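Visitor: One structure coming up, written as structure tokens, with questions to follow.
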Amino acid sequence: MLRTSHSSADSKLSPSDDLDSGTTTPESTALAAGEAQNEVPSDRQSKPGASAHGSAHSFQSEQFLVQWKDRAGQVETHLREHMLRWTAGGPSPLVDAIEYSLMAPGKRLRPLLALWAAEVVGGDYSVAFPAAVAVEMIHCYSLIHDDLPAMDDDDLRRGRPTCHIQFDESTAILAGDALQPMAFAVLAHSFQPAELAARACQLLSLAAGPQALVGGQADDLQAEKTDWSKSPEPPALAAGDAATDVSSDGQSKPGASAHGSNENDAKSLLARIHARKTGAMIRVSLELGALAAQATPAQMAAIGLYGQAIGQSFQIVDDLLDVQSTSEQLGKRAGKDEAAGKLTYPRLYGVPESILAAKDYTEKAIRALEMFGSRGEPLIRLAETILERTH
Ligand code: IPE
Ligand code: IPE
Ligand code: MG
Ligand code: MG
Ligand code: MG
């Protein structure tokens with residue numbers, strides 16, 4: 001759970017604004033065998049029935065976490081099958097590096113989103129396994145590359161040495177490269193009919209591409225190099241959605257260009273970075289699961305709004321945990337963002353305001369699920385768990 005102690009910002013984040021830093025304590029080596037911390041979020045501090053929107057639920061947190069764990073295990077079986085299929089005959093250590101990173105103990109959030117999205121629109125979760133595998137492959141590549149010396153330069157991931165530390169830089173780059181076409185191979189071969197496969201590939205390519213994930217990573221790195229203290233006080237954001245929406249047809253909404261109308265608007269830029277580097281993959285995970293279950297356009301739209309909102313809260317909490325947690329708890333280095341000069345929520349708004357913002361996005365996400373009635377409960381629990389997660 002996030003602590004609300006030290007505030008470092010004087011700026012206010014209103015409950016419909018957008019967007020999300022650190023201290024430095026890099027130890028040195030990987031966490032020994034303590035990999036359990038990255039498997040399924042702990043809800044040690046959550047209070048069943050006392051959710052973000054204050055009602056009692058039939059689908060309780062414990063049941064939700066059991067389902068998460070069970071389904072993450074099923075996803076890993078499918079991941080391994082696809083990994084073996086699409087790397088067969090490939091050389092080592094490339095294949096070893098792919099397996100090392102892909103099968104490392106992650107939370108499997110994005111695959112689980114695909115499965116729950118299939119269910120919330122009325123399908124069986126099993127139709128979403130190809131989507132689940134594909135999004136985890138793209139996510140895993142993005143982590144390998146994110147950790148490289150030329151990017152965030154991290155030595156710990158999922159409780160283990162990062163791919164380029166365990167192998168070497170060129171092998172890590174190539175493992176990330178390989179995971180991208182593997183993801184599209186999974187979609188192309190598993191979605192039926194061909195039109196559905198084409199649509200799935202189109203959605204994933206947009207979410208992973210320069211208008212979304214890769215663009216967000218580029219802006220994230222560029223923002224490190226900017227001296228924000230020399231920038232004029234940015235205007236408050238009006239409603240936020242223009243800055244955070246990366247629509248699934250790949251078209252940026254007005255005001256959502258890479259640097260906005262005011263290049264010095266750090267807060268607006270931060271909202272867009274989060275929407276692109278993190279939100280787009282979260283949203284498309286849901287959309288691909290829903291697509292596999294033949295969702296209606298209205299269902300797709302609701303799922304998209306939900307994904308956009310939890311994408312923001314997920315990255316705000318990631319930035320808060322970097323400030324408030326430990327490397328042991330996270331399975332990745334804590335305190336790195338401030339040391340790197342990252343533009344983050346806690347840096348711009350302070351910890352308490354960042355927590356309020358994450359809560360606001362959680363409520364927004366839950367509202368987006370109204371049309372699904374009780375079928376929406378797992379996704380409601382998920383939105384709350386993102387807020388309460390400890391790793
Ligand atoms: C880490 O994502 C990268 C971010 C977008 C913050 P996760 O926190 O989902 O990482 P894993 O998959 O559980 O390792
Ligand atoms: C990375 O954001 C998002 C992607 C991998 C695309 P971060 O750089 O904050 O993720 P962590 O903290 O290293 O997991
Ligand atoms: Mg990064
Ligand atoms: Mg990083
Ligand atoms: Mg981070």
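Every read-out reported here was derived from the displayed coordinates using simple, explicitly stated rules and does not represent laboratory data. Bear in mind the structure is a predicted one, so any value in this text is a computation, not a measurement. Note that each Cβ is placed from the backbone with ideal geometry, even for glycine, and that neighbours are counted across all protein chains shown.
Visitor: Please arrange T162, T171 by counting, for each residue, the other beta carbons lying within 10 Å of its beta carbon, fewest first. Intermediate results must be reported in sequence, preceding the final value.
Guide: On the way: T162 27, T171 20.
Fewest-to-most Cβ neighbours within 10 Å comes out as T171, T162.
Visitor: Can you tell me how much longer the chain between K69 and A88 gets when fully stretched, taken as 0.36 nm per residue apart minus their C-alpha distance, in nm with one decimal?
Guide: Extending this stretch completely gives an extra 4.0 nm.
Visitor: Cα centroid distance between segment 153-212 and segment 260-330, in Å?
Guide: Result: 18 Å between the Cα centres.
Visitor: Can I ask one more? Between A185 and V214, what is 0.36 nm times their sequence separation minus the Cα-Cα distance? Round to one decimal in nm.
Guide: Length difference between fully extended and current span is 8.5 nm.
Visitor: Here's another thing I want to ask about it. Within segment 277-391, how many lysine pairs that are 8 or more places apart, or on different chains, have C-alpha atoms less than 21 Å apart?
Guide: Value for segment 277-391: 6.
Visitor: Expressed in nm to one decimal, what extension gain is obtained for the pair T326 and E62 from 0.36 nm per residue of sequence separation less their Cα-Cα distance? The partial results should precede the final answer.
Guide: Details: separation 264, 0.36 × 264 = 95.04 nm, distance 2.48 nm.
So the extension gain works out to 92.6 nm.
Visitor: Oh, and also: Pop the C-beta distance of M103 and W228 into the FRET formula with R0 = 35 Å and round what comes out to the nearest 0.05.
Guide: The formula returns an efficiency of 0.35 here.
Visitor: Taking the number of other C-beta atoms within 10 Å as the exposure measure, put E99, E224, E195, E388 in order starting with the fewest.
Guide: Listed from fewest to most nearby Cβ atoms, that is E195, E224, E99, E388.
Visitor: Determine ³J(HN,Hα), in whole Hz, for all residues of segment 65-75 in sequence, where each value follows from phi through the Karplus function 6.51 cos²θ - 1.76 cosθ + 1.60 and θ = phi - 60°; x replaces Gly and Pro.
Guide: With the stated coefficients, segment 65-75 comes to 5, 5, 5, 4, 5, 4, 6, 4, x, 5, 4 Hz.
Visitor: Output wanted: per-residue J couplings in Hz (rounded whole) for segment 340-346, from phi through Karplus 6.51 cos²θ - 1.76 cosθ + 1.60, θ = phi - 60°, x for Gly and Pro.
Guide: Each residue of segment 340-346 in turn: 7, x, 5, 7, 9, 4, x Hz.
Visitor: Amide H to amide H under 5 Å from R157: which residues, 5+ apart in sequence or cross-chain, H placed 1.01 Å off N in plane?
Guide: It is T162, by chain and number.
Visitor: Suppose each label sits 7 Å from its Cα in the direction of the beta carbon; what would the S170-S126 distance come out to in nanometres?
Guide: The answer from the label model is 4.5 nm.
Visitor: Hey, what do the phi angles of segment 88-100 turn into as Karplus ³J(HN,Hα) couplings, whole Hz, using 6.51/-1.76/1.60 and θ = phi - 60°, x for Gly and Pro?
Guide: Whole-Hz 3J(HN,Hα) from phi for segment 88-100: 3, x, x, x, 8, x, 4, 5, 4, 5, 4, 4, 3.
Visitor: Please arrange E377, E136, E384 by counting, for each residue, the other beta carbons lying within 10 Å of its beta carbon, fewest first.
Guide: E377, E384, E136
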